[in-house]
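The values are calculated or read from the model by the stated rules, or taken from the named source; none is laboratory data. This structure is a prediction, so every number in the text was calculated from the model and none was measured. Reconstructed Cβ throughout: ideal geometry from the backbone, glycine too, with neighbour counts over all protein chains shown. Areas reflect the complete protein model, heavy atoms only, side chains present, ligands, DNA and RNA absent. Shrake-Rupley method; radii C 1.70, N 1.55, O 1.52, S 1.80 Å.
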Amino acid sequence: MLWRRTDGTLVRDVPPTKAIMPYLMRGRNESAVYFEQQVAMRNADAYIREFNATHSDVPITIQHLVMWAIAQVLDKFPTMNRFVVGGRLYQRSDIWFTYSAKQSLKGKSPLIVIKRRFDPAEPFADMVADMARQLHDNRYSGGISRSDAEAGLILRLPGLVRRAVLAIGRFGDAFGLLPRSMIEDDPMYASVFFANLASIGMDACYHHLYEYGSIGIFGVIGRATTDPGSPTSGPDRRRTMTLRWTFDERVEDGLVAGYALKRCKQILEDPLAAGLPVPEPASPASGVGSS
């Protein structure tokens, strides 16, 4: 049946003023809203230190906390996990995050893009261990992803044929005709795309949304800076991190988005109060292999 997608359910109880928006604003970047958050890092820094002291084989960064926080937010505010394709609004079936990482720690190594399903009920330590395993497998598998293989095949075609193939793909996507395997393997079909610029010492930027796929939220994590008058190191150091978000306003209104981002900030500024468990020593089976 048309418009019956494998990654989401058509939202039918949409007010007319909202249902018409995808036809008035046809692209995600035409519909983009930009938002900046300043997050106090003292409690997050303390949590990261404590977790890494007991999980030295799978250490975490602020990116792990941000992704865990957004998984909780999308669970609490499920309408934020919707997307627009083909002029129609869908409720996404699961929470999927896409993020980039370096192929290796060498400066000129290429980026790899990882997509993972996040279960809000998954224990934090299990999430961290599985992310480490997935990153390890992607770095050292030596193979290429299905999406890369498909892109390589299309690029072998003449330019005119490429455009025809992609046009057919867009048509199939608009009417819900793409198979589950194609959508689940494609990192551009996800709830949120994360870029951790803090990992390379850069400030956060505002990133565009991708017209291809179904991602309606892009989050950029910037490097944390030391607060004025704070010690420059040690447990008493106070830092502030900048998060910058790009959001497709056709998905949900600004009030709900504001409540969702406020909850994200609350979680990051006090992870323990938000329900993140006190770090416990890792089990012997939780690490990943080394290469």
Expected output for segment 159-173 (first residue open to solvent by less than 60 Å² (accessible area, probe 1.4 Å), partner not aromatic (F, W, Y), Cβ below 8 Å, 6+ apart or cross-chain) is V165/I154; V165/L157; G169/L178; G172/L178; D173/V85; D173/G86
Counting only helices (runs of 4 or more DSSP H) entirely within segment 1-90, those with at least 2 residues that are under 23 Å from C264 (Cβ atoms) and open to solvent by 60 Å² or more (accessible area, probe 1.4 Å) are 42-54, 62-76
Inside segment 229-260, the number of residues satisfying the requirement of being under 12 Å from Y34 (Cβ atoms), open to solvent by less than 10 Å² (accessible area, probe 1.4 Å) and either of a type in the set (S, T, Y) or assigned to a loop (DSSP other than H, G, I, E, B) (or both) is 1
The condition from (1) more than 26 Å from I95 (Cβ to Cβ); (2) in contact with a Gly (Cβ under 8 Å, 6 or more places away or on another chain) that A174 misses is numbered (1)
Those residues of segment 187-228 which are without any contact (Cβ under 8 Å) to a residue 40 or more places away in the chain and buried (at least 20 other Cβ atoms within 10 Å of the Cβ) amount to F218, V220, G222
Flagged in segment 92-132 as among the basic types (K, R), modelled with pLDDT of 95 or more and surrounded by fewer than 18 Cβ atoms within 10 Å (Cβ to Cβ), in numbering order, are R116, R117
